[in-house]
Each structure stands twice: as C-alpha cells, then as structure tokens.
Amino acid sequence: LCALGLARTSGIRAQKRTDLIYNPGRDGDEEADGPSEASVTVVLSNEDGTLDRSQVVSAAGTENVGDVSEITIKRRVKETEDNYYSYYYLNGRSVNLSDVQDLLAAAGVTPEGYNVVMQGDVTEIINMTPYQRRGIIDEIAGVAEFDEKKEAAYEELDTVEDRIGEADLRIGEKQDRLDRLEDERETALQYQEFRDELAEYRGYLKASELEEKRETLADVESDIDDAEAELDDRRDELDAKQGKLTRLEGDLADLNREIETKGEDEQIEIRSEIEEIKGEISRLEDKIETGEERAADAETERRDAFVQIDRKEETIDDLDAEIREVKVEKASVKSEIATKRSELADVEAEIEGADTEFDELKSELSDKKERVESLREEKNELQREKDRLLDEARRRSNAVSETREELEEARESIPERKARISELHSELDKAQKNQSTIEDGVADLFAEKAEVSERLEEVEADLREKQNEYAKLEAAADERGDASWPRAVTEVKNGGIDGVHGAVGVL
C-alpha cells in the first residue's frame, strides 16, 4: 500500500515517512550508523493485458519501459540532513504519484476500492448491514459507477428541465411583449389610416376653397375689367380735353402773335379773351385732376364696397341664424303661452262656474304657478346644461388635439418600435434555437439513460448469475468441509503461494 500510494502514513503506523527507514538503535554510548533510505517494490502481473503498452508508456513518459507483462512499481524514501524525499518508479522510470494512481485506476485499483483488505476491514464487513454489503458488491462489480452516472444524469436532467422552464418563462415574456407591440402596431396603423383620411378630407376642403377662390377671382377680374373700361373712358375723355387744351394753347399762341401786330384796344380785348381761355384751361385742368381723384376714390370705394359686402353677407348669415333661433324660440314661447292661456281660461271658467271650489282652484292655481316656476328653473337648468355641454365639447376638442399630438408622437416612434420588434423576433429565434438544442440534449440524456438502464439490467443479471455461482461454490465447500472460510480464502491457502501463511482470523 505504501508503494502503490493507496495508504497514508498514519495508516501504516508511522508519524512521518522517515519512520519507515530501518533504525538499528543505540549500542552503548555510541550511535549506530543506519541506512538513509528505504524502498518498497510491488510487481503486478499484466499477462492478461489489462493494461496495454500505450497506457504504461503514457504513465512513464517514455517508450523505454521494457516488458509490460509485468508492472513494477517502486517507492523510495530518502532522508537527508535537512529533510526527506519520496520517489516513485514505474518499470525503473521516475514518475509522479498521480501517474501511478492514474495507471492503477485504469486497471480498476483505486484508493477507495476493495482491492486490498486492510486490518479491521473483515470485522467491519461482518458488522455491516445487508444494504451496505450490497453497496460494496455493487462497487466491486462496477454497478455503483453506473448508479453514480445515473444520478448525475438525473441531476443534469433536472438542471435541463429547470433551464427549459426558465426558457419557457422568457419565451412567455417575449410573447407578451410581442403582443403588446402588435397592439401598438395596430394602433399606429389605425392612426396612419385616420391620417390618410384627414389628408384626403383636407384635399377636398382645399379643392372647395380653391373653387370658391376661383369664383371670387372671376368676380374680382370682372370688376377689374369694368374699372379698366371706366378708366379707359376717363382716359379718352382726358385725351380729348388735353387735345382741346393743346388747340387752345395754339390759339393762344396765335392770339399772342396777333396781339403783337394789332393795336392797344384789340390787345386789351384779346388779353381778356386770353384770360378767359386761361381760366377755361385752368378749369379743365381742375376737372381733369378732379376726375382722376374721383377715379382713384371710386377704385378705393369699390374695394371697400367688396369688403363691406363680405362683412354684410356674414352679418346677414348671422342675423338669419339668430332670426331662425328667435323664431323657433318665439314659436315655442307662443305655444307655451297658448297652452298656459288655455289652462288659465279653463281655470277661470272653473272659478266662474263653481264659487264653492274657489279655494281649491286657488290652490291649484298656486300649484300651476309653482309648476311654471319649476319649468322656468328647469329651462334655466337646461340652459346651464347646454353651456356645460358646450364647455365639454371644447374640452373634448382640446383632448382630440392632444390625442392627435400623441398619435403624431406614436407615428414618430413607429420606426423605433419596428426595430425593437425585429430585435425581439431575433431574440425569439435564438430562444427557439436554444430550446431545440436543449430538447436535443434532453433526448440524448434520455437515450443515455435508457442505455445505462439496459447496462444496469445486464450487470444485475450478471450479478445474479455470479451470486448463484457463489452459492453453488459455497454449497460445494460445505460438502468438502471447508465452510469455515470463503472459497477465495481457501483457494489462496491451498495454493502454496510464497509468503501466505494463513488467514487474518488466526492471528
């Protein structure tokens, strides 16, 4: 066990490894010289090829390992003045303890195994419960390894199922978010539809306004044509007067020349004629200037008239609406007055016809008056309700404006939401791919579980067969009289192996 590295120092009754070195003790007062190292060599038969050459070469780290039909493991403990060292050798090649343990584990020899029965193990096995003994048998037969693998597979399966549950939760969250985004998309599409309808109606409105503007333009152009015709007439008149003025100026020049050639009396007469002509020219110029001013004033008045006409038409429309409302209200009031007069006439007739019922009729009249007052109050309340409804309509109009602004913001956020939807689709695709991978892994685990179960059944069948064989061997041993020891112990005792002298129980 020391050479194979299967036991601790305390397990072989030593406090430290140097205690394993032979110590001859003291001889008198002089200290006897002893060896400074100790070694233990274990030779294992590998004739059945349990370990192939490649495994031994891998453990030794070299091809020069000699014949591998025998595996030689040696441990050497060397003491120095300051410390001590422990060395391992495999077929004469220096190796580490881990290399030795890995090689032995490949042959089924492990520190936790039952390849070597230590002192006290037999007593412990005897005192064990049947369940614990079954565990030892399963471990020796290799069934425990499959049980461990099965438990590990179950644990891994639980982990995978937990991951699948988490993936389902994430997929559910993504689906909920996708549904919300789908609703937002429907809202955005509906907003887009309303926006298109609004654009269409605005187009209709603009077309109607354009038609009205065209009609107004035609009227204005007609007025302009009339004004231009009038202006042309005024210009023709002005040209005629200017021509007349030119002729008069020519006559005036002729008169001046004639004055120069005539006498004083004639000059005085001619000068008076000239003054008259100048006065007439001045009057004509004043008339021309006045005509031009009148033409400008007429143009201004015409434009103002168009503006006033539009205002008057709007005022007329408002007045017509008010007149209609007043007529309706008047008709309603007349109807109510007629009703009240009819009721009053009936009451008066009843008062005149029955003096004995005067008090009752008076009370009824009072009730009627109260009813009239109630109706008036109700009318006022209806008027207040109408005002409230108008305020509510204005508030709703403001709310519609705010909603349109929100819709505009939602429309602006549509590209971002579409990008987010694309990202969510990508994440969903990844999650579906991960789910497919997990499902494949679960299927592989179930397949491995089925395979392990089949192998377990085979091992259990083999174990039952071995148990039956063991029972037969024990029965045969009982017949030979060797029932005190197991068959394996009896075979070893009777095998004539060097160094084997008896069982532990005879110590």
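Coordinate-derived values only; no laboratory data. Being a predicted model, the structure only gives us computed values, none of them experimental. As a convention, Cβ positions derive from the backbone with ideal geometry for all residues, glycine included, and neighbour counts pool all protein chains shown.
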Original post:
What is the extension gain from residue 136 to residue 419, computed as 0.36 nm multiplied by their sequence separation minus the C-alpha to C-alpha distance, in nm to one decimal?
Top reply: 95.6 nm
Subject >> Scattering curve values for region 130-202, log₁₀ I(q)/I(0), Debye with Cα scatterers, q = 0.19, 0.23, 0.27 Å⁻¹ >> reply: -0.86, -0.96, -1.06
Original post:
Give me the log10 of I(q) over I(0) for region 431-474 at q = 0.19, 0.25, 0.27 Å⁻¹, as the Debye formula computes it from C-alpha points; what are the numbers?
Top reply: -0.65, -0.80, -0.84
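Roughly speaking, what is the stretch gain from residue 84 to residue 232, that is 0.36 nm per residue apart minus the C-alpha to C-alpha distance, in nm to one decimal? Display every interim value, and only then the final one.
Details: separation 148, 0.36 × 148 = 53.28 nm, distance 13.78 nm.
Length gained between residue 84 and residue 232: 39.5 nm.
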Subject >> Sparse-neighbour loop sites [GluC sites (Glu not before Pro); region 61-95; at most 14 other C-beta within 10 Å; DSSP] >> reply: 63, 81
Original post:
On full extension of the chain, what length is gained from residue 106 through residue 214, given 0.36 nm per residue of separation minus the C-alpha to C-alpha distance?
Top reply: 28.4 nm
